[in-house]
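Encoded as structure tokens, the structure appears first; notes follow it.
The values are calculated or read from the model by the stated rules, or taken from the named source; none is laboratory data. Bear in mind that the values here come from a model prediction, so they are computed numbers and not experimental data. Cβ: placed from backbone, ideal geometry, glycine included. Neighbour counts: every protein chain shown.
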């Protein structure tokens, strides 16, 4: 469920080398982790991410109030007011509680939509890269999805199916498919040309075996990096959709709807707009830092960048 | 070259056709019977049948699609259910606003992105590199609509420097028009600037390690010359591609930015249409955006092959 969990688990069980497996993977993996640990930015990101994910998961326990509970005797309390650490909004709802539950929704949409995109896009990318005859078909499909910019796609979906968290995740997931197809495809093309794959084919291994045993496990590191790019993008996407009223519906707390509601009171109570925005930035920044660190650590060209 | 051009254009035409089918199918997937909705609340069977015949709704589905396609190609995108105005007229008044906003944002993003990218690539270890990298990281993580809200809060409301919202047509008053557009354009361009900065930086780093740059340095060219002429020129190719790839993000961003700054563009049209369930407008918006996106990407690809001859050679080989 939790994102960090997923990343660390996959990078320890699967071989994250991206290079030929005949070379023992363990030292390489240790080197990657070592490089990652040496990057202060990436470690900061990882720590922040862990805290954020924990806080979001434990929102029902940590939140001092029900996120939708209105306190009409305490509207527009500034941050630091007694009983309301981050202040209250126009209905006197506790902003801290709403941010915690909102971050939970953001992470849920981020992970859901990225998982959806991966499930569809990784097989297609493998097919396009491995079977050159099917490459053109998959490419046209990618072009087709790309022709609909993310927000236009979401608008269309909202018009047909109504606005909801599920449809927002669906729209974001669909919009992410082309990018993941491309990354998987180019990684497959690269791996396919390596000697050990040719050796496996020469030994009579079936296509399914080569793809499942050699190409997919070796693409995992690239896909993890791709996920660390896709999840924060999805979190931003959810915020945008909810802000426009096309995603999570009020009164359900979402960082996007909080910002949209704050628009009316921005002059009177700037914190109602500042705090949810900062929460979005912390979430996406943490993912981006971890993603950058992972990419650098996995880069065979080493510490050049 | 001609073969590449034909092949690439053919692909785009196919994608266009497919996307028009998707749009058509999407509208047909709507719940409810359009004939019944148009016939009014009485649902008189005779009236429903008449409406059905009048709008060709009892034709086979492929005939309906053919009508939809030919009408669209003739610029007839239907009529707004809410206002009764032809959708093409609504688009004509909204498009210039969005186009101006996008072009301004693109300009700002390209200039800032390339400059900071060069700084980050050439001043390794210098505080300027940190600043440029930090800017890019923030640009990627800060939602642009939040940036818009903060910009309104500080610049317009607190300082009173720029107008917070509204629109003045360029033809009426170019100065006031720019005053209204500059803040939205900066807000919209920030994310793109960050993406361009990262690409410029990484391709500059690659370019600066090539043999021709070493040669240029060895023969005593000034560093400024090496960076701007030898390094940058070869990095620009990547930037052109990125702009093509980011176009979708730019269009999506424009919708949100217009919403915040109350600009009467494409975005406002789109969002209003969704909330008013104005399906002909939604259909037209989706179709026009997809078309614009496909056509511009085709142009970017062709431009790309003009800058880099290797592309079209490779394109011909396959």
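Quick notes
- Single match in B:232, B:263, B:269, B:250 (criterion: farther than 30 Å from residue B:153 by Cβ and either assigned to a helix (DSSP H, G or I) or away from every other protein chain (no Cβ under 11 Å) (or both)): B:232
- Test: residue in the stretch A:122-132 that is closer than 30 Å to residue B:27 by Cβ and within 13 Å of chain B (Cβ to nearest Cβ): no
- Top-ranked residue of the stretch A:133-142 - restricted to ones that are in contact (Cβ under 8 Å) with a residue 12 or more places away in the chain and either within 12 Å of another protein chain (Cβ to nearest Cβ) or in a loop (DSSP other than H, G, I, E, B) (or both), ranked as nearest to residue A:254 (Cα to Cα): A:142
- Sole residue being within 30 Å of residue B:201 (Cβ to Cβ), touching a residue at least 40 places away in the same chain (Cβ under 8 Å) and surrounded by fewer than 19 Cβ atoms within 10 Å (Cβ to Cβ), chosen from B:242, B:296, B:251: B:296
- Flag for residue A:169 being under 15 Å from the mean Cα position of the chain (by Cα), within 14 Å of chain B (Cβ to nearest Cβ) and surrounded by 20 or more Cβ atoms within 10 Å (Cβ to Cβ): no
- Taking the listed residues B:125, B:175, the one that is free of Cβ contacts under 8 Å to residues at least 24 places away in the same chain, within 14 Å of another protein chain (Cβ to nearest Cβ) and surrounded by fewer than 16 Cβ atoms within 10 Å (Cβ to Cβ) is B:125, with no other qualifying.
- Yes/no for residue B:185 being part of a helix (DSSP H, G or I) and without any contact (Cβ under 8 Å) to a residue 24 or more places away in the chain: no
- Condition check for residue A:79: touching a strand residue (DSSP E or B) at 6+ places or on another chain (Cβ under 8 Å), surrounded by fewer than 20 Cβ atoms within 10 Å (Cβ to Cβ) and either assigned to a loop (DSSP other than H, G, I, E, B) or touching a residue at least 24 places away in the same chain (Cβ under 8 Å) (or both): no
- Flag if residue A:191 is modelled with pLDDT under 90, assigned to a helix (DSSP H, G or I), surrounded by 20 or more Cβ atoms within 10 Å (Cβ to Cβ) and away from chain B (no Cβ under 14 Å): yes
- Residue in the stretch A:267-277 that is under 20 Å from the mean Cα position of the chain (by Cα) and within 9 Å of chain B (Cβ to nearest Cβ) present: yes
- Selection of the stretch A:82-94 for residues being farther than 13 Å from residue A:269 by Cα and without any contact (Cβ under 8 Å) to a residue 24 or more places away in the chain yields A:82, A:83, A:84, A:85.
- Close contacts from the stretch B:137-157, counting a first residue that is more than 9 Å from every other protein chain (Cβ to nearest Cβ) and a second that is modelled with pLDDT under 85, with Cβ to Cβ under 6 Å and a gap of 6+ residues or different chains, come to B:155/B:161; B:155/B:162; B:156/B:162; B:156/B:164.
- So residue B:58, is it modelled with pLDDT under 75, surrounded by 14 or more Cβ atoms within 10 Å (Cβ to Cβ) and more than 30 Å from residue B:168 (Cα to Cα): no
- The numbered conditions (1) away from chain A (no Cβ under 14 Å); (2) more than 21 Å from the chain's Cα centre (by Cα); (3) assigned to a helix (DSSP H, G or I); (4) at pLDDT 80 or above are all true for residue B:220 except (3).
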